[in-house]
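Asks: This is the structure I want to talk about, given as structure tokens.
The values are calculated or read from the model by the stated rules, or taken from the named source; none is laboratory data. These figures come from a predicted structure and were not determined experimentally. Because the Cβ atoms are built from the backbone with ideal geometry, glycine has one as well, and the counts that use them run over all protein chains shown. Heavy atoms of the whole protein, side chains included, go into the accessibility calculation; ligands, DNA and RNA do not. Shrake-Rupley method; radii C 1.70, N 1.55, O 1.52, S 1.80 Å.
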Amino acid sequence: MKELVELLAKSLVDQRDRVSVVQTETDKMVNIQLTVAPEDMGKVIGKQGKIANAIRTLVKAAAVKDGRRVHVDIDQ
Amino acid sequence: MKVTEKTGKTVEDAVTAGLIELGVEREKAVIEVLEEPVKKGLFGLLGTTAARVRISYEDDPGEMALDFIRSVCKVMDVQAVCGVERRGEFWSVNVSGSELGILIGRRGETLEALQYLTNLAVAKRVGERIRIVVDVEGYRLRREETLIRLAKRLSEKVKRTGSRVVLEPMNPHERRIIHTALQDESRISTFSEGDEPNRRVVISLRRGREF
């Protein structure tokens, strides 16, 4: 899941080397924290969170096999 | 894809020459060193052999879309075969394989997200907006046929009962399929109401003939 968020974020931002993804897990939940450069926030969130939601939708699809709930947070 | 091979005194010289020839920035190019310069003779007294590099970069939006989708499939652990073809103004990417329901999602939700992100990722690399349509296992075509059948059936019902029918929420593309399917029906009018993402098509009798 972490790899997917990283791949998607790096495909969208200008400052690829400032993308970092941290994944923490419990037995029921997977929490993913995406951090990008402040200037790139708009590129991973989008108008009304459209891009962020698309990222979450894909991550949820990837998590189906896993069976756990995934939560993606975006930070600068 | 554009490719060139260059030689030079040092690897750096060869790379620079190649980048200039292709007219591409370093970050967008793939650089492979084919031969490092090697000193000839004792202590390099006979000079050094030339450095040889291969520089390539992708300039085709269709191939970029394939790159992106293949990478996504790989990290999602989904086995898929992808192909792309240009259709006039846009590129059409087809993804096929088994177990691809995961890439389609509920009412094509995951497929929409994948298509949206593919368009953004390619636009980012090309520097301009490019339209890419992504389909998985012919889902879009099947969905279009289903929507057209649904539109025809409901329009018959509206003509029979005289009361309007409100469809379930759909994305702009799907709503357009419904409007287009019924545009030649002289007794029927269609319009959309509500706000995204809950905008719905309404099928009703054409005004003036309602009563």
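Asks: Relative to the longest principal Cα axis of chain A, at what angle does helix A:50-63 sit, 0 to 90 degrees, rounded to 10?
Replies: It works out to around 30 degrees.
Asks: Cα centroids of the stretch B:43-88 and the stretch A:1-26: how far apart, whole angstrom?
Replies: 21
Asks: Please state, rounded to one decimal and in Å, the Kirkwood hydrodynamic radius that the protein assembly as shown gives when every pair of distinct Cα atoms enters the mean of 1/r. Please list the in-between numbers first.
Replies: On the way: mean 1/r = 0.0445 Å⁻¹.
By the Kirkwood definition, the hydrodynamic radius is 22.5 Å.
Asks: Follow-up. Under a crude label model (7 Å from the Cα following the beta-carbon direction), how far is residue B:107 from residue B:168 in nanometres?
Replies: 0.6
Asks: Okay, moving on. Once you have a ≥ b ≥ c as the square roots of the Cα gyration tensor eigenvalues for the stretch B:141-205, tell me rounded if a/c is under 1.5, and otherwise prolate or oblate according to whether a/b is larger than b/c. Don't skip to the end; give the middle numbers.
Replies: Details: a/c = 1.87, a/b = 1.26, b/c = 1.49.
Oblate, because a/c is 1.5 or more while a/b does not exceed b/c.
Asks: Further question on the same structure: If each DSSP helix of 4+ residues adds -39,500 (n - 2.57) and the sum is divided by the residues in chain A, what number results at 222 nm, nearest 500 deg cm²/dmol? Present the calculation step by step, with values, prior to reporting the outcome.
Replies: Details: 3 runs with 30 residues, N = 76.
After summing the helix terms and dividing by the residues of chain A, the value is -11500 deg cm²/dmol.
Asks: Same structure again: State, to one decimal in nm², a quarter of the convex hull surface area for the C-alpha atoms of the stretch B:2-57, i.e. the direction-averaged projected area. Walk me through the numbers before you get to the answer.
Replies: Numbers: hull surface 13.9 nm².
Computed as one quarter of the Cα hull surface, the answer is 3.5 nm².
Asks: Label points 7 Å out from Cα along the Cβ direction at residue A:29 and residue B:36: separation in nm?
Replies: 5.0
Asks: Can you compute the radius of gyration and Dmax for chain A, using only the Cα atoms, both in Å?
Replies: Gyration radius and largest Cα-Cα distance of chain A: 11.8, 35 Å.
Asks: Between the stretch A:49-76 and the stretch B:140-211, what's the alpha-carbon centroid distance in Å?
Replies: Value for the Cα centre distance between the two parts: 33 Å.
Asks: Turning to a different aspect of this structure: Comparing B:162, B:101, B:138, which has the greatest mean-square fluctuation in the GNM of chain B with Cα pairs linked when under 10 Å apart?
Replies: B:162
Asks: What are the residues whose amide H is under 5 Å from the amide H of residue B:48, where those residues sit 5 or more places off or on another chain and H is modelled from the backbone?
Replies: Sorted by chain and number, the residues that satisfy this are B:40.
Asks: ³J(HN,Hα) across the stretch B:110-124 via Karplus (A = 6.51, B = -1.76, C = 1.60, θ = phi - 60°), whole Hz, x for Gly/Pro?
Replies: Running phi through 6.51 cos²θ - 1.76 cosθ + 1.60 with θ = phi - 60° gives 5, 4, 4, 5, 4, 5, 4, 5, 4, 4, 5, 5, 6, 4, 4 Hz.
Asks: Longest exposed-loop-site-free stretch of chain B, with GluC sites (Glu not before Pro), DSSP loop and at most 13 other Cβ within 10 Å?
Replies: Looking at chain B, B:129-209 is the longest stretch - no exposed GluC sites (Glu not before Pro) with at most 13 other Cβ atoms within 10 Å.
Asks: Could you work out the mean count of beta carbons from other protein chains within 10 Å of each residue's beta carbon in B:106-113? Kindly include the intermediate steps, with their values, before the conclusion.
Replies: Numbers: counts 2, 0, 0, 6, 7, 2, 2, 12.
What the average comes to for B:106-113 is 4.
Asks: Also: Please give the charge dipole size of the stretch B:2-57, origin at the Cα centre, charges +1 on K and R Cβ atoms and -1 on D and E Cβ atoms. Round to the nearest 20 debye.
Replies: Values: 9 positive and 9 negative charges, 31 e Å.
Here the stretch B:2-57 has a charge dipole of around 140 debye.
Asks: In Å², rounded to the nearest 100, what is the total accessible surface buried by chains A and B against each other with a 1.4 Å probe? Provide the component values of the computation, followed by the final result.
Replies: Values: alone 4990 and 13430 Å², together 16850 Å².
That pair hides around 1600 Å² of surface in total.
Asks: Another one. For the Cα atoms of chain B, what angle does the longest principal axis make with the long axis of helix B:61-75, in degrees from 0 to 90, nearest 10?
Replies: 90
Asks: Hey, if you put +1 on the Cβ of every Lys and Arg and -1 on every Asp and Glu Cβ in chain B, which of B:182, B:44, B:78 ends up farthest toward the positive end of that dipole?
Replies: B:182
Asks: Okay, moving on. Considering the dipole of chain B built from charges on the beta carbon (Lys and Arg +1, Asp and Glu -1) around the Cα centre, which of B:104, B:172, B:150 is farthest to its positive end?
Replies: B:150
Asks: 7 Å from Cα along Cα→Cβ at both residue B:13 and residue A:20: what's the point-to-point distance in nm?
Replies: 4.1
Asks: Taking H placed 1.01 Å from N in the peptide plane, check which residues at least 5 places from residue B:131 or on another chain put their amide H under 5 Å from its amide H.
Replies: B:91
Asks: Using a probe of 1.4 angstrom, how much of the accessible area of the protein assembly as shown is carbon and sulfur, in percent? Mind showing how you got there, number by number?
Replies: Numbers: 8180 of 16850 Å².
Of the solvent-accessible surface of the protein assembly as shown, carbon and sulfur hold 49 percent.
Asks: Kindly express, to the nearest 10 degrees and within the range 0 to 90, the angle between helix A:2-12's C-alpha long axis and the longest C-alpha principal axis of chain A.
Replies: Rounded to the nearest ten degrees, it is 20.
Asks: Once the Cβ-Cβ distance between residue B:43 and residue B:70 is put in as r, and R0 is 41 Å, what FRET efficiency do you end up with, to the nearest 0.05?
Replies: Values: r = 48 Å, r/R0 = 1.18.
Between residue B:43 and residue B:70 the formula returns 0.25.
Asks: Now a separate question. When the Karplus curve 6.51 cos²θ - 1.76 cosθ + 1.60 is applied with θ = phi - 60°, which whole-Hz ³J(HN,Hα) does each residue of the stretch B:85-102 get, with x for Gly and Pro?
Replies: 9, 8, 10, x, 6, 10, 9, 10, 9, 10, 10, 9, x, 8, 6, 9, x, 4
Asks: Right, another one. Nothing charged except the Cβ atoms of Lys and Arg (+1) and of Asp and Glu (-1): what's the magnitude of the dipole of chain B about its Cα centre? Round to the nearest 20 debye.
Replies: Working: 37 positive and 34 negative charges, 242 e Å.
It comes to approximately 1160 debye.
Asks: Taking only C-alpha pairs under 8 Å that are 6+ residues apart, what is the relative contact order of chain B in percent?
Replies: Values: 339 pairs, mean separation 27.1, N = 211.
Worked out over chain B, it gives 13 percent.
Asks: Only bridges whose two residues both fall in the protein assembly as shown count here: according to DSSP, what percent of them are antiparallel, nearest 5?
Replies: On the way: 34 of 47 bridges.
Roughly 70 percent of the beta bridges in the protein assembly as shown run antiparallel, per DSSP.
Asks: Just list whichever of A:10/A:60; A:2/A:65; A:43/A:65; A:50/B:157; B:2/B:124 have alpha carbons separated by over 26 Å in the model shown. Before the final figure, lay out the partial values.
Replies: Working: A:10/A:60 19 Å; A:2/A:65 15 Å; A:43/A:65 28 Å; A:50/B:157 36 Å; B:2/B:124 19 Å.
Correct reply: A:43/A:65; A:50/B:157.
Asks: Kirkwood Rh over Cα pairs of chain B into Stokes-Einstein at 20 °C, 1.002 mPa s: D in µm²/s? Numbers along the way, then the final one.
Replies: On the way: Rh = 21.4 Å.
Rounded, D is 100 µm²/s.
Asks: Right, here's the next one. As a test of the formula, what do you get for chain B when each DSSP H run with n ≥ 4 contributes -39,500 (n - 2.57) and the sum is divided by the residue count, at 222 nm and rounded to the nearest 500 deg cm²/dmol?
Replies: Working: 6 runs with 83 residues, N = 211.
Result for chain B, helices only: -12500 deg cm²/dmol.
Asks: Check which residues have an amide H placed less than 5 Å from residue A:70's amide H, if you skip close sequence neighbours.
Replies: A:30
Asks: OK, next. Out of A:76, A:52, A:22, whose Cα points farthest toward the positive end of the dipole of chain A (charges: +1 Lys, Arg; -1 Asp, Glu; placed on Cβ)?
Replies: The residue sitting farthest along the positive end of the dipole is A:52.
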